[in-house]
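Undergrad: Handing you a structure now.
The values are calculated or read from the model by the stated rules, or taken from the named source; none is laboratory data. Predicted model only: the values in this text are computed from it and were never measured. Cβ atoms come from the backbone with ideal geometry, glycine included; neighbour counts cover every protein chain shown. Heavy atoms of the whole protein, side chains included, go into the accessibility calculation; ligands, DNA and RNA do not. Shrake-Rupley method; radii C 1.70, N 1.55, O 1.52, S 1.80 Å.
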Amino acid sequence: MSQILFPEVIQFLSQQPIPQFIGGQWVESPSGCVLESRDPGSGRTIAQFSGGDAQDIDQAVRAAHRAFREQPWAGLAPNDRAVFLHRLADLVDKHSPILAQIESLDVGKPLPQAAGDVANVAATIRYFADLNVYMRRREPIAVRGHEARSIRVPYGVCGFVFPWNFPLLLVGWGIAPALAAGNTVVIKPAEDTPLSTLYFCHLVAAAGIPPGVVNVVTGLGETAGAALSQHPGIKRMSFTGSPEVGRLVGEACGRNLVPVKLELGGKGAAVIFDDVDVDATAAALAGAITFNTGQVCCTATRWVVHHSIHDRLVQRASELLSTIHIGHGYEAATQMGPVVSEKQRQRVLGYLERGEQEGADVLLRGGAAIVPGHEQGFYVKPALLGGSPDNVACREEIFGPTAYVVPFRDESHAVEMVNRSTYGLANSVWSGNLERANRVAEALVAGNSWINAHNLFPHGVPYGGCNLSGMGGGVNSPETLIDYLRPQSIVRPLP
Ligand code: NAD
């Protein structure tokens, strides 16, 4: 494996441990705690990194606060900040092969998918840098007898806790609007996948972004993550992860009266009408549940299919899913990599078992997969279950390459089944009849509805969830940038 790694990647991974990035310095945690990161494709340890805790978080928040108050970042004209951010985006593009190698190795995703994530990060940074240049921050307000205006200013230190499924992509989606608006940030990446975020900090420094504007503390959720969400120096918080932890972060922010954005899990549905091209739709849905090995919060995990095409669609999807090439992310033939950890593999297998015990039909049997040469890797086979929509596998988020198929009779039956979910992140509608597709898309209760596609994220379109899928705004749109600007009004009585 080491022969195919770039020398920069070998050098980066060989630090014992990889330190944290605080106040522009690379520092080890005074706790002395060291954590390990594994290659999910081989099960082997690939790097050690510093295990930060509340002390490191405090240092990072102080550094970010100093950078906000004393460095020119917040005071720069939007155009001048955009110059730094464009430089950072260019460096991300330039180092894409290195970042993609690190991401693929740490998460297990196929190399081309990791490269796609890196390209998206660069595009996101440019999108917010440019948007900020043209955003009006001063609006005169027409009121009788007063001179009044509203202004928008950055909050200060913003905290971010991220999950392991798209580590670098989510850093880009999260911090790009905060930085463009003039805030400074403290990031706590997932303990399973901190490596690309740490490498990214080298690019932040190389772009000339002032020390303390971006800080990264690597550590466990219960220590570093909890300390960040509770820190009184945080002025705005963003959490991406499970609803269970989202509640804890929300509670901590509530106690400090800090605005919080929660991007949580999902149980996305695809509603498939009888006028679709069955083969093409089956291929798209099989692609949706195997992309990133199904570890995608918004993907199509419930297939709500018109009864007349149910069997054909299941058969075609099963053919495609059972022939997908499962392998290590570095192998060119790989179409689907491992899940991120043994814990995650057990979660997926456990849900399949519980679903079957509760009476689900096994339409395509999943289970653990053995990849020759990588017997210790965390591989699973795609699976399809079907039957009652009350089954646990249809209700709860599994986060693996699986879908639960339920037949529907008519449009209102389909809408009712989708909206039974306690989640509300994203759904899709598949039909040749655009009038119907648009009507159903609007009737589904979620932050996002897609038509004749699943997993669409063009920059400029807001993406976020409701219900158990989150609250407090989404990502990748003008609203997100405004979210990182605090409103303030200024009024004077006219003589
Ligand atoms: P998780 O909630 O277990 O962990 C997410 C992060 O929270 C990690 O960095 C973890 O260290 C940290 N954490 C754990 N305990 C904490 C605590 N007490 N206080 C503060 N932080 C703590 O989630 P995960 O398993 O890493 O990720 C999978 C989940 O993320 C799924 O539910 C998925 O749907 C969701 N997700 C949502 C989106 C979205 O945009 N809505 C995107 C990606 C993932």
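Undergrad: Report the local net charge at residue 268: Lys and Arg +1, Asp and Glu -1, summed over other residues whose C-beta lies under 15 Å from its C-beta.
TA: Values: positive: 267, 302, 395, 420; negative: 263, 396, 397.
Local net charge: +1.
Undergrad: Work out the FRET efficiency for residue 280 and residue 466 from their Cβ-Cβ distance, taking R0 = 22 Å, and round it to the nearest 0.05.
TA: With a Förster radius of 22 Å, E is 0.15.
Undergrad: Another question, then. What is the sum of charges around residue 125, taking Lys and Arg as +1, Asp and Glu as -1, for the other residues whose C-beta is under 14 Å from the C-beta of residue 125?
TA: 0
Undergrad: Once you sort the root eigenvalues of the Cα gyration tensor of the stretch 13-126 as a ≥ b ≥ c, which label holds: rounded (a/c under 1.5), prolate (a/b larger than b/c) or oblate (the other case)?
TA: oblate
Undergrad: Just going by the charge dipole of the stretch 154-272, with Lys and Arg at +1 and Asp and Glu at -1 on Cβ, which of 197, 181, 167 is farthest out on the positive end?
TA: Toward the positive end, the furthest listed residue is 181.
Undergrad: About the Cα centre of the stretch 35-176, what is the dipole size in debye to 20, counting +1 per Lys and Arg Cβ and -1 per Asp and Glu Cβ, all else neutral? Working shown, then result.
TA: Working: 16 positive and 15 negative charges, 138 e Å.
So the magnitude is around 660 debye.
Undergrad: Strictly over 22 Å apart at the Cα level, which of 235/343; 235/261; 188/261; 109/381; 188/267; 343/381 would you flag in this model?
TA: On the way: 235/343 34 Å; 235/261 12 Å; 188/261 15 Å; 109/381 15 Å; 188/267 25 Å; 343/381 16 Å.
Long pairs (Cα-Cα over 22 Å): 235/343; 188/267.
Undergrad: Tell me the chymotrypsin sites (Phe, Trp or Tyr not before Pro) within the stretch 186-272 that lie in a loop according to DSSP and have at most 13 other beta-carbon atoms within 10 Å. Mind showing how you got there, number by number?
TA: On the way: sites: 199, 200, 239; in loops: none.
In loop regions of the stretch 186-272 (DSSP not H, G, I, E or B), there are no sparsely surrounded chymotrypsin sites (Phe, Trp or Tyr not before Pro).
Undergrad: Distance from the Cα centre of the stretch 82-147 to that of the stretch 347-416, in angstrom?
TA: The two parts, judged by their Cα centres, are 35 Å apart.
Undergrad: Something else about it: For a quick check of understanding: with a 1.4 angstrom probe and all protein chains in place, what accessible area in square angstrom does residue 131 have, to the nearest ten?
TA: Using a 1.4 Å probe on the heavy atoms, I get roughly 40 Å².
Undergrad: In the neighborhood of residue 443, defined by Cβ-to-Cβ distances under 10 Å, what is the net charge if each Lys or Arg adds +1 and each Asp or Glu adds -1? Walk me through the intermediate numbers first.
TA: On the way: positive: 439; negative: 411, 416, 442.
Combined, the nearby Lys, Arg, Asp and Glu give -2.
Undergrad: For a quick check of your reading of the filter: which trypsin sites (Lys or Arg not before Pro) in the stretch 1-89 sit in a DSSP loop and have no more than 16 other Cβ atoms within 10 Å?
TA: Numbers: sites: 38, 44, 62, 66, 69, 81, 87; in loops: 44.
Those satisfying the criteria are 44.
Undergrad: Oh, and also: I'd like the Karplus ³J(HN,Hα) series for the stretch 353-369: coefficients 6.51, -1.76, 1.60, θ = phi - 60°, whole numbers in Hz, and an x wherever there's a Gly or Pro.
TA: Values, residue by residue: 5, 5, x, 5, 4, 7, x, 5, 7, 8, 8, 8, 6, x, x, 5, 10 Hz.
Undergrad: A follow-up question, please. Would you mind calculating the relative contact order of the stretch 1-111 from Cα pairs under 8 angstrom and at least 6 residues apart, reporting the percent as a whole number?
TA: Numbers: 112 pairs, mean separation 28.5, N = 111.
Relative contact order comes out at 26 percent.
Undergrad: Please give the per residue accessible area of the chain, computed with a probe of 1.4 Å over protein heavy atoms only, in Å². Intermediate results must be reported in sequence, preceding the final value.
TA: Details: 19620 Å² over 495 residues.
I get 40 Å² per residue for the chain.
Undergrad: Between the DSSP loop rule and a limit of at most 10 other Cβ atoms within 10 Å, which trypsin sites (Lys or Arg not before Pro) in the stretch 117-207 are left? Provide the component values of the computation, followed by the final result.
TA: Working: sites: 126, 136, 137, 138, 144, 149, 152; in loops: 136, 137, 144.
Here the trypsin sites (Lys or Arg not before Pro) that fit, given the DSSP loop and packing criteria, are 136, 144.
Undergrad: Just going by the charge dipole of the chain, with Lys and Arg at +1 and Asp and Glu at -1 on Cβ, which of 108, 351, 427 is farthest out on the positive end?
TA: 427
Undergrad: Turning to a different aspect of this structure: Sort the chain into rounded, prolate or oblate with this rule: let a ≥ b ≥ c be the square roots of the eigenvalues of the Cα gyration tensor; rounded if a/c is under 1.5, and if a/c is not under 1.5, prolate when a/b is larger than b/c, oblate otherwise.
TA: On the way: a/c = 1.98, a/b = 1.28, b/c = 1.55.
The shape class here is oblate.
Undergrad: Using only the Cα atoms of the stretch 277-326, build the gyration tensor, take square roots of its eigenvalues as a ≥ b ≥ c, and label the shape rounded, prolate or oblate: rounded if a/c is under 1.5, else prolate if a/b is larger than b/c, else oblate.
TA: In terms of gyration-tensor shape, oblate.
Undergrad: Another one. May I ask you to give the percent of accessible area on the chain that is carbon plus sulfur, with a probe radius of 1.4 Å? Can you show the working numbers first?
TA: Values: 10460 of 19620 Å².
Here it works out to 53 percent.
Undergrad: Which value, in debye to the nearest 20, gives the size of the charge dipole of the stretch 323-452 about its Cα centre, when Lys and Arg are +1 and Asp and Glu are -1 at the Cβ? It would help to have the intermediate numbers written out before the result.
TA: On the way: 11 positive and 15 negative charges, 27 e Å.
About 140 debye.
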